[in-house]
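Below: one structure, written as structure tokens.
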Amino acid sequence: MSVEPNPVRASDADREAVAGVLNAAVGAGTLTLAEVEERLTAVYAAKYRHDLLPLTADLPVPVPRERRRPPVRAFVPVAALLLVLLWVVSPVPFFWPVFPLAFIAVRVSAASRHRRWRTGT
């Protein structure tokens, strides 16, 4: 193994990050328990960052999971409350929030129908 000209010491966070990758590899079935035990021993014995690199070099790069956005329906109660409060404060005598609330209801219904059709549920 080649030594870097200015080796940087490994922190506990660096070691824990590599240990997390190794534990995920065991969960995915990439490593056996004996292999991960051997590598974890080397992780916690490592003094420098370049000592940690070969321990995960042969593992596949994990694919990042897609973050799910909150459903559209999450803002509906907040929007309804805000519209009703604006109506209470406004001098308009008729209940005008019925129009934006109807529009929101149609959009949420269409979005949920589309999601159901796309996922097959």
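Against the 2.2 N^0.38 Å scaling, with N counting residues, where does the range 34-109 land? I'd like the Cα-based Rg ratio to two decimal places.
Dividing the Cα radius of gyration by 2.2 N^0.38 Å gives 2.45.
What is the dipole size for the range 1-66, taken about its Cα centre, with +1 at each Lys and Arg Cβ and -1 at each Asp and Glu Cβ, in debye to the nearest 20?
140
Once amide H atoms are built 1.01 Å from N in the peptide plane, which residues 5 or more positions from Y48, or in another chain, come under 5 Å H to H?
Under 5 Å from the amide H of Y48 lie the amide H atoms of A10, each far enough along the sequence or on another chain.
Using only the Cα atoms of the range 1-61, each taken as one equal point scatterer with no solvent, compute I(q) by the Debye sum, divide by I(0), and report log10 of the ratio at q = 0.17, 0.27, 0.29 Å⁻¹.
-0.54, -1.16, -1.28
Sorted by average packing, counted as other Cβ atoms within 10 angstrom per residue and highest first, what order do 42-49, 95-102 take?
Ranking the peptides 42-49, 95-102 by packing returns 42-49, 95-102.
Every number here is computed from the coordinates shown, using simple stated rules; none is lab data. In this text, all values refer to a predicted model and were calculated from it rather than measured experimentally. When we count neighbours, we look across all protein chains shown, and the Cβ atoms used for this are built from the backbone with ideal geometry, even at glycine.
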